[in-house]
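The structure appears below as structure tokens.
The numbers here are math on the coordinates, done by the rules we state, and not lab data. Just so you know, these numbers come straight off a predicted model, no measurement behind them. All Cβ positions, glycine included, derive from the backbone under ideal geometry; neighbour counts span all protein chains shown.
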Amino acid sequence: MKNELIEKAFAYYSSHLFPWNFLLEPVSTETLRHYMKYAVPMSEKIKERLKALIESFTIDALDGDSGIEGLSSFDPLFLRKFITEISRKAVRDFLIDPENSFAKQEHGKHYIYYPFAYLQCLIFSIFEDFRIGGERISLSDIVDLKEIAKLLGCPIPQVAKKEYLMHQLYHEIKKKTSFWTICISGKWLVGKRVFYEDGKIIGRFHQIFFDQKTGKILQIIARPEPGADLSPLVKIGNNAVLEPQRLHLSNFFGDAFIYEFIDRELPDVESVILDDEE
């Protein structure tokens, strides 16, 4: 089962139906409930970012300074591309190192279902109570899941059941975690773990430097874990310097960040599945 799921995740990631093919994969309600706890706060931040992006596009277009047409309400193509990009980052976190020990510790028996369960929770959560300019935007405005189901050979009734289940879980978890929002502040960041994309740990955030005028993060200093490979990084004394634009929050590795390297490729599926199937 484990190797089959890893192979399927690689295949789905490479498909022209990505990321929508991940949404219809059967996952237990227990596992979905586990990952919904991570997806709800993340989805709220993504909604805020989406609204800000769309508003900025509209303003720029009105000023004649943007090559993007004004988005009076929403642009399905833009939203599809946006969702695809955040989905790629989430699934890559898993595919780089599916057997990561930190992920196993964080998610227990649910860890192997991460690319399917977490992505389902995240995408469905984004389109719950999502409005732009007073207009409610649903997932069906972006993609026709029934058509995706036909292409994948999934029963059409499965789509409605999945949508209803995700709706129920979203509101169940949001009610319990309404106080939990991700605030990217210096205080929140200090002490967070940071990994390379291949799952090897770098260390923990130690110091955060902000631009006093804009409030943007300029630089992050990480205190390395014993034995961490710092050769790809700039060092100050025994600490490592990280570029903020290369970081993204990962829920596969737990409450941690991934440090991206553009030239790093996903491993072949054969190199990931080395041991016998459990």
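Distant-in-sequence amide contacts of Y259, defined by a placed amide H-H separation under 5 Å and a gap of 5 or more residues or a different chain, comprise F195, Y196, E197.
Pull out a ≥ b ≥ c, the square roots of the eigenvalues of the alpha-carbon gyration tensor of the stretch 90-161, then state rounded if a/c is under 1.5, prolate if not and a/b is larger than b/c, and oblate in the remaining case. Here the stretch 90-161 falls in the oblate category. In order along the stretch 192-199, the phi-based Karplus estimate (6.51 cos²θ - 1.76 cosθ + 1.60, θ = phi - 60°) of 3J(HN,Hα) comes to 5, 6, 9, 10, 6, 5, 7, x Hz; Gly and Pro are listed as x. Judged by the mean number of other Cβ atoms found within 10 Å, the most tightly packed of the peptides 208-218, 105-115 leads the ranking 105-115, 208-218. The alpha carbon gyration tensor of the stretch 186-269 gives principal lengths a ≥ b ≥ c with a/c of 1.5 or higher and a/b greater than b/c, which makes the shape prolate. 3J(HN,Hα) couplings calculated from phi for the stretch 85-95 with the Karplus curve 6.51 cos²θ - 1.76 cosθ + 1.60 (θ = phi - 60°) are, in sequence order, 5, 5, 5, 4, 5, 5, 6, 4, 3, 7, 5 Hz; Gly and Pro show x.
Normalised by the number of residues in the stretch 94-223, the average gap of Cα pairs under 8 Å and 6 or more apart makes the relative contact order 16 percent. Coupling constants for the stretch 111-116 follow from the phi torsions by the Karplus curve (6.51 cos²θ - 1.76 cosθ + 1.60, θ = phi - 60°), and in residue order they are 4, 6, 8, 3, x, 7 Hz; glycine and proline get x. For the listed peptides 117-130, 24-37, a ranking on the average number of other beta carbons within 10 Å per residue, highest first, reads 117-130, 24-37. Across the stretch 186-269, C-alpha contacts under 8 Å between residues 6 or more apart give a mean separation that, scaled by the residue count, equals a relative contact order of 26 percent. In this structure the amide hydrogen of K192, modeled in the peptide plane, comes within under 5 Å of the amide hydrogens of F205, none closer than 5 places in sequence on its chain.
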